[in-house]
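No value in this document is a laboratory result; all are computed from the given coordinates. Because the structure is predicted, anything quoted here is derived from the model rather than measured. Glycine also receives a Cβ, built like all others from the backbone with ideal geometry; neighbour counts cover every protein chain displayed.
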Amino acid sequence: MHFHKLRIRISLLWLPYLLMLPYLSVARLIGWIFIMLTIHEMAHMLCAILFHYPIERINIYPFGLAATITHIGHGSLVKEILIISAGPLMHVLFPSLFQFCVAKGILSPSFASYLHTINASILLFNLLPIYPLDGGRLMQTFFHCFLRFRTAEYATLICSLISITAVFYFHLLQGVSAVIVLIFLILQIFLSWRSLPLTQLQFFHYRRLHPVAYDPILNESFDLYRGRRNIIKYGRGWIDEKDWLRQRFGSEKNSRLP
């Protein structure tokens, strides 16, 4: 059940937005941005459902939807590349939608041209190698192709901070709103760094419940490769990750017994 216990939340940001809406000269533009970002997020969700990833929560903001996909970052690398890419690919289709609306008299050519610019800006920003943007998640998946899990997570967050520094230094984004967004991204990176031990534990738990049949790799560390079946150095011998995870979680359970 991909929608089992699905929670839908309407953001409190709607309250000030609705109060200011009659006075906003760009209300129509904001409405189209809402449509674009909602379709973007729905593409992520549809692709996740096709690959049997549960949708945990959907937040509805004035600028679009935001879905929480359970176990994203833990499963198949190929499937998650497709899930992550589904959203940005929608922006490639939007120009055809704008042209259709112009042909039907829904949009003026000048406003459609402006939407083209907005759409391209959203796409380019979303593909910046900054976690948790889609570009950052693609970078994260790339690192997981050849680095151990925790090392890949550190590499993702460090490269994200370097990218934000480059954006500030080269003035790639300007304006108060851009600065606020970048500060928010820095906060997200900091929180992800702090919660990395928990994230790794969640990954271990996922792998214990979903054993993989990938090509094996010898691993002398207890930090697993996500895209391979780990044969772990254990004592004087080697042990399959499935058995190691069973022992690890079994010992943790036993340690809590009185």
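Tabulated data for the structure shown
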| quantity | calculated |
| --- | --- |
| DSSP-defined beta bridges in the chain - what % are antiparallel, rounded to 5 | 60 |
| Potential lengthening between Val78 and Phe34 on full extension [0.36 nm per residue; Cα-Cα distance subtracted] | 12.9 nm |
| DSSP beta bridge pairing in the range 1-126, given as percent antiparallel to the nearest 5 | 60 |
| Estimated dipole of the range 1-126 in Debye, rounded to 20 [Cβ of Lys and Arg +1, of Asp and Glu -1, Cα centre] | 220 |
| Spin-label model distance (nm) - Leu13 vs Ser110, 7 Å beyond Cα toward Cβ | 3.0 |
| Whole-Å semi-axes of the range 206-255's equivalent ellipsoid (Cα gyration tensor) | 18, 14, 8 |
| Cβ-placed point charges (K, R +1; D, E -1), dipole of the chain about Cα centre in debye, nearest 20 | 680 |
| Neighbour net charge for Ile231 - beta-carbon separation under 12 angstrom, K R +1, D E -1 | -1 |
| Largest-first ellipsoid semi-axes for the chain, taking √(5λ) over the Cα gyration tensor eigenvalues, angstrom | 40, 20, 18 |
| In the range 1-62, the trypsin sites (Lys or Arg not before Pro) that fall in loop regions by DSSP, at most 16 other Cβ within 10 Å | Lys5 |
| Residues Ala103 and Phe190, FRET efficiency given R0 of 51 Å [Cβ-Cβ distance, rounded to 0.05] | 0.60 |
